[in-house]
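J.: This structure is in structure tokens; I'll ask about it shortly.
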Amino acid sequence: MKESLPGPILQSILPLLNIYYLERIEETALKKGLSTQAIWRRLWDELMKTRPSSLESVTCWRAKFMEAFFSHVLRGTIDVSSDRRLCDQRFSPLLHSSRHVRQLTICNMLQGATELVAEPNRRVLETLASSLHTLKFRHLLFSDVAAQQSLRQLLHQLIHHGAVSQVSLYSWPVPESALFILILTMSAGFWQPGPGGPPCRLCGEASRGRAPSRDEGSLLLGSRRPRRDAAERCAAALMASRRKSEAKQPARAAPATRVTRRSTQESLRAGGIDPKKELHPPATSHEAPGTKWPPSAPATTSSASPSSSTSASKRAPASSAPQPKPLKRFKRATGKKGARTRQGSGAESEDLYDFVFIVAGEKEDGEEMEIGEVACGALDGSDPNCLGLPALEASQRFRSISTLELFTVPLSTEAALTLCHLLSSWVSLESLTLSYNGLGSNIFRLLDSLRVLSGQAGCRLRALHLSDLFSPLPILELTRAIVRALPLLRVLSIRVDHPSQRDNPAVPGNAGPPSHIIGDEEIPENCLEQLEMGFPRGAQPAPLLCSVLKASGSLQQLSLDSATFASPQDFGLVLQTLKEYNLALKRLSFHDMNLADCQSEVLFLLQNLTLQEITFSFCRLFEKRPAQFLPEMVAAMKGNSTLKGLRLPGNRLGNAGLLALADVFSEDSSSSLCQLDISSNCIKPDGLLEFAKRLERWGRGAFGHLRLFQNWLDQDAVTAREAIRRLRATCHVVSDSWDSSQAFADYVSTM
């Protein structure tokens with residue numbers, strides 16, 4: 001067992017050591033059986049000045065410090081010369097800390113990508129290629145061609161020639177099409193050197209002799225998209241027209257956000273552009289493979305993307321659900337950026353495309369069009385072939401990632417088509433997360449691509465996490481469709497926040513989805529082991545859920561969130577199906593469900609001798625007949641020897657209910673319960689103290705974990721401390737310092 005350095009020694013040597021020499025003595029300290037974790041924790045507290053999340057368990061402070069230090073140095077958010085413990089001319093901060101980096105986050109304008117691919121940091125990038133496993137993108141903004149070229153080289157090195165297995169994108173309200181497609185295609189293993197970019201020295205002579213051609217964005221989107229120079233001239237003409245009109249009128253707080261078709265055409269003519277040619281370019285289907293694009297060409301899709309999202313949404317089929325329009329919501333937050341006055345020609349060129357993206361995407365009656373649609377032409381998107389999506393034969397195929405996550409990244413039709421096009425052959429993908437992407441009717445294309453992927457030899461997809469505000473399919477029909485498309489799936493998590501159109505038959509023009517997506521035939525047996533479902537409001541048809549459960553004989557974990565059934569009998573039908581068909585089920589969870597009228601069904605569950613863990617979270621269990629129901633519940637638990645964990649947060653248990661539960665641990669009980677969660681149950685300190693005394697009286701050994709979050713323990717701090725002290729002799733107690741009075745005030749203020 002390693003021993004920490006004594007306090008006095010730690011205090012004396014800490015000011016003398018910098019992180020570089022501390023790294024060098026690490027191996028010697030390990031041989032001597034000494035731990036340096038206390039030193040690294042002290043450095044973290046003094047230099048990083050942040051506290052890790054209470055949910056995070058830090059196993060190695062040295063690795064955590066060096067990984068954070070690398071990110072700060074790369075982004076320029078820490079000055080190594082400001083502290084002698086960070087500064088040593090004989091060491092390179094990036095190179096020294098790169099071998100500890102397992103996770104790297106790239107933010108905003110792709111800061112750090114250019115620095116990492118620079119020749120002086122060649123060894124840093126080589127080290128990262130072997131140590132880095134997860135690459136994250138957060139809050140990306142619009143980037144220039146040089147930054148995208150640097151990112152292309154970085155992804156090629158870290159994914160294709162490295163060990164990165166997971167790529168995650170977070171909070172990208174207005175995705176830039178060219179950048180998004182670049183990240184997707186590189187993650188899927190496709191690679192083409194960018195026009196004018198340096199050759200990859202790791203790819204061999206085959207890559208060096210390859211003539212630069214279209215980048216991944218233009219290759220995927222086809223040749224119907226205009227070149228950037230045309231879109232650039234169009235945007236410049238629109239900008240000039242807008243400023244000319246603003247100069248004639250008094251200043252207004254709200255920016256002009258729309259341009260009519262007539263004024264746009266006049267602006268194009270003023271810029272020397274033929275509107276007929278620029279607004280509707282000829283759709284050439286092929287180009288010579290050796291064609292070299294101008295320097296501005298790689299960002300063709302950059303200036304075209306936002307409009308495609310909105311124009312495609314206009315042409316969505318009638319059967320699609322009403323879209324949440326996340327783009328519109330986020331654009332209001334960023335509209336001030338587009339409205340502020342630019343100073344100088346430099347700022348004008350930098351914010352030119354920001355203006356094009358920000359003003360696009362708003363609907364208006366009459367003949368008004370989005371600027372992006374004017375600049376780039378209409379995008380039908382009803383069929384992948386209409387976009388000219390080729391099969392990427394011209395690209396080289398390299399190693400690809402196994403986990404892809406998209407959180408709050410709105411997907412336009414072209415972006416969704418690109419994703420589906422890649423997914424259909426992405427056999428190395430093991431886990432896919434699509435969270436609040438505004439898929440709408442594109443969910444049908446996603447299901448088709450997943451069905452094709454499932455038929456590929458070597459398909460490894462085993463986990464799918466899907467959540468969105470709306471869905472064109474009711475959630476249970478969507479679940480059935482996914483299970484049919486991916487019979488080898490092991491983990492499925494699906495959530496829809498609001499009902500679909502098909503949940504309301506009164507909606508006019510409510511046509512059904514494609515016939516091959518849903519059907520009345522039985523679901524074939526699948527390999528699901530974990531199923532999590534979050535339901536929108538409204539009663540759910542129990543037979544549909546039962547059909548999924550019957551086909552999932554290997555199910556081990558089931559979680560139902562906000563599920564509502566027409567009657568307790570329907571809920572009982574679901575539980576009976578679980579008992580008959582899901583014999584391997586070990587964990588069952590219910591959250592935010594009104595089970596006050598389902599007490600007999602709850603008792604039926606507690607008597608199930610196959611379940612090891614049950615969760616009733618905010619289910620209003622004791623709202624009716626608590627005096628009669630609690631003894632019945634305790635009796636059922638006392639006779640269950642297989643149940644290991646019971647979680648009852650948010651059920652208004654109170655002191656009386658807690659003392660009744662204490663009888664589960666009495667001497668005549670057969671229960672083997674070792675985990676109990678009674679958080680948010682209005683428990684007071686005197687009741688908790690009496691609960692602790694009863695456990696002591698029965699002499700039960702340590703039964704594991706007891707969770708007490710957000711109870712009324714602050715009403716008598718002395719009694720609460722005494723109760724927790726007694727409980728810690730019996731179990732591991734997890735609690736918090738929760739201010740119940742403030743929480744109640746916050747609750748009242750929101751009523």
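The values are calculated or read from the model by the stated rules, or taken from the named source; none is laboratory data. What you are looking at is a predicted structure, and each value in this text was computed from that prediction instead of being measured. Every residue, glycine among them, receives a Cβ derived from its backbone with ideal geometry; neighbour counts consider all protein chains shown. Surface areas here come from the heavy atoms of the whole protein model, side chains and all, with no ligands, DNA or RNA. Shrake-Rupley method; radii C 1.70, N 1.55, O 1.52, S 1.80 Å.
J.: Using R₀ = 25 Å, calculate the FRET efficiency as 1/(1 + (r/R₀)^6) where r is the Cβ-Cβ separation of Ala463 and Glu521; round to 0.05.
T.: 0.45
J.: Gln612 label point, 7 Å along Cα→Cβ, cut-off 18 Å on backbone N: hits in the range 630-650?
T.: Taking a point 7 Å out along Cα→Cβ of Gln612, the residues of the range 630-650 whose backbone N falls under 18 Å are 640-647.
J.: If each residue of separation counts as 0.36 nm, what is the full-extension length gain between Met109 and Ser428 once their alpha-carbon separation is subtracted?
T.: That works out to 111.9 nm of additional length.
J.: Sticking with this structure for a sec: Could you sort 599-607, 527-535 so that the peptide with the highest average Cβ count within 10 Å comes first and the rest follow in order?
T.: The most tightly packed comes first, giving 527-535, 599-607.
J.: At 1.4 Å probe size, with the rest of the protein present, what percent of the exposed accessible area of the range 399-453 is carbon and sulfur atoms?
T.: Exposed carbon and sulfur together represent 55 percent of the surface.
J.: Which of the GluC sites (Glu not before Pro) found in the range 618-672 are loop residues per DSSP with 12 or fewer other Cβ atoms within 10 Å of their Cβ?
T.: Details: sites: Glu623, Glu632, Glu667; in loops: Glu623, Glu667.
Sparse-neighbourhood loop GluC sites (Glu not before Pro): Glu667.
J.: I've got another one for you. So how long is each side of the range 586-750 along the principal axes, counting just the alpha-carbon atoms, biggest first, in Å?
T.: 41, 39, 27
J.: Are there any trypsin sites (Lys or Arg not before Pro) in the range 21-57 that are in a DSSP loop and have at most 11 other Cβ atoms within 10 Å? List them by number.
T.: Lys32, Lys49
J.: So what is the accessible area of the range 586-750 per residue, in Å², with the probe set to 1.4 Å? List each step's numbers first, then the result.
T.: Numbers: 7750 Å² over 165 residues.
Per residue, the range 586-750 has 47 Å² of solvent-accessible surface.
J.: Can you pick out the pairs among Lys624/Lys693; Lys579/Lys638; Lys644/Lys684; Lys31/Lys644 whose Cα atoms lie more than 32 Å from each other?
T.: Violating the 32 Å limit, Cα to Cα: Lys31/Lys644.
J.: Not counting ligands, DNA or RNA, and with a 1.4 Å probe, what is Lys644's accessible surface area in Å² rounded to the nearest 10?
T.: 80 Å²
J.: Ser57 accessible area, nearest 10 Å², 1.4 Å probe?
T.: Taking all protein chains as shown, Ser57 has close to 100 Å².
J.: Could you pull the accessible area for Cys598 with a 1.4 Å probe, rounded to 10 Å²?
T.: 10 Å²
J.: Can you run phi through the Karplus equation (6.51, -1.76, 1.60; θ = phi - 60°) for the range 154-167 and list ³J(HN,Hα) in whole Hz, with x for Gly and Pro?
T.: After applying 6.51 cos²θ - 1.76 cosθ + 1.60, I find 5, 5, 4, 6, 7, 9, 6, 10, x, 10, 5, 10, 9, 10 Hz.
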